[in-house]
1. When only residues in the stretch 174-197 that are of a type in the set (A, V, I, L, M, F, W, C) and outside any loop (DSSP other than H, G, I, E, B) count, which is modelled with the lowest pLDDT?
2. What is the one condition in (1) assigned by TED's automatic domain parsing to the domain that holds E268; (2) farther than 22 Å from V77 by Cβ that F155 does not satisfy?
3. Would the stretch 150-158 turn up any residue that is part of a loop (DSSP other than H, G, I, E, B), over 20 Å from Y47 (Cα atoms), among the charged types (D, E, K, R) and touching a Gly at 6+ places or on another chain (Cβ under 9 Å)?
4. In the stretch 228-269, what residues are basic (K, R) and farther than 24 Å from E136 by Cβ?
5. Scan the stretch 68-75 and give yes if some residue there is at pLDDT below 95, surrounded by 24 or more Cβ atoms within 10 Å (Cβ to Cβ) and in a strand (DSSP E or B), otherwise no.
6. Would you mind stating whether V171 is in a helix (DSSP H, G or I), in the same structural domain as S151 (by TED's automatic domain parsing), within 13 Å of F230 (Cα to Cα) and of a type in the set (V, I, T)?
7. For V202, indicate whether it is surrounded by 16 or more Cβ atoms within 10 Å (Cβ to Cβ), out of contact with any Cys (no Cβ under 8 Å at 6 or more places or on another chain), under 20 Å from F50 (Cα atoms) and not assigned by TED's automatic domain parsing to the domain that holds K156.
8. Among the residues of the stretch 145-157, are any within 28 Å of D119 (Cα to Cα) and among the β-branched types (V, I, T)?
Amino acid sequence: MNTIRKSVTVLACAALLTGCASNPSTSTAASSSNSSDTLRVGMECNYAPFNWSTTKEGEYTQPISSADYCDGYDVVVAKNLADKIGKKVEIVKLDWDNLILSLNNNQIDAVIAGMTATDERKQQVNFTDPYYVSEEVLIVKKDSQYTSATSLEDFKGATVQGQMNTIYDEVIDQIPGVNHMPAAETFPAAIQALQAGSVDAVTSELPVANGVVSANPDLAIVRFAEGKGFKADTSVSIAVRKNDDELLNALQDALKTIDTDTRNTWMEEAVNRQPANEE
């Protein structure tokens, strides 16, 4: 997932998946060289339940500035993996489009940010096996004509939006006769457009959609019958630099020790823990 996604008030959550640019923008300075005992992990901190920013310190949070923290599923995964390979974790907040660039510039050591290992990204970085597998859905208004939809065909003529530089924007063209709205810069911006009536639906992965809808009773999730939905890879993996085989193998081995039930429990807890409103 698309990877996210940075500061929009959405009565819910987060941002969407699945990018790169120049001049990395970050709310916390990423050091140019890494201490051997620290794993620097990049994420948006704006893509709940995978990751989000908060001013409240908690059991699962990691600092990203003097006053802010990052929490979420990705933070829990990062902390547990760092522990397993004998390192401390440092979360570095970055814009989605700067994650891979910052990784290859050695400003971070890994990306754990709800990012899908697409063929294009594999040309730039290496990926572990997936650490979470989701499902592609659409978010609509609860009073919408589309709430009872069971296939992509049911969205013919609908105006649909996804997040920029993610698979969730790319898959929209799988909808027959769709009005493909220009991509939103962030996932929260797409949700705002939906609530404002500017679009009929927003693409999302299921955990993110669950968080949005639980905080916004005016919205609903559309899931599709088998074979009637999007054809897309909804798994997310950890990215590391091409030449960092030692870290790749260490993270891969550590991931193997975390079973599916544990990963799903962490996600459920993150969905329940995420704030209803994030600025």
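1. Among them, the one singled out is F187.
2. (1)
3. Yes.
4. Result: R241, K242, K256.
5. The first filter runs over the stretch 68-75 and keeps only residues at pLDDT below 95, leaving none.
Within the stretch 68-75, not a single residue is at pLDDT below 95, surrounded by 24 or more Cβ atoms within 10 Å (Cβ to Cβ) and in a strand (DSSP E or B).
6. yes
7. Working: surrounded by 16 or more Cβ atoms within 10 Å (Cβ to Cβ): yes; out of contact with any Cys (no Cβ under 8 Å at 6 or more places or on another chain): yes; under 20 Å from F50 (Cα atoms): yes; not assigned by TED's automatic domain parsing to the domain that holds K156: no.
It is false that V202 is surrounded by 16 or more Cβ atoms within 10 Å (Cβ to Cβ), out of contact with any Cys (no Cβ under 8 Å at 6 or more places or on another chain), under 20 Å from F50 (Cα atoms) and not assigned by TED's automatic domain parsing to the domain that holds K156.
8. No, there is no match, as no residue in the stretch 145-157 is within 28 Å of D119 (Cα to Cα) and among the β-branched types (V, I, T).
The values are calculated or read from the model by the stated rules, or taken from the named source; none is laboratory data. As the structure is a prediction and not an experimental result, all values here were calculated from the model. Counting neighbours? That spans all protein chains shown, and the Cβs are built from the backbone with ideal geometry, glycine included.
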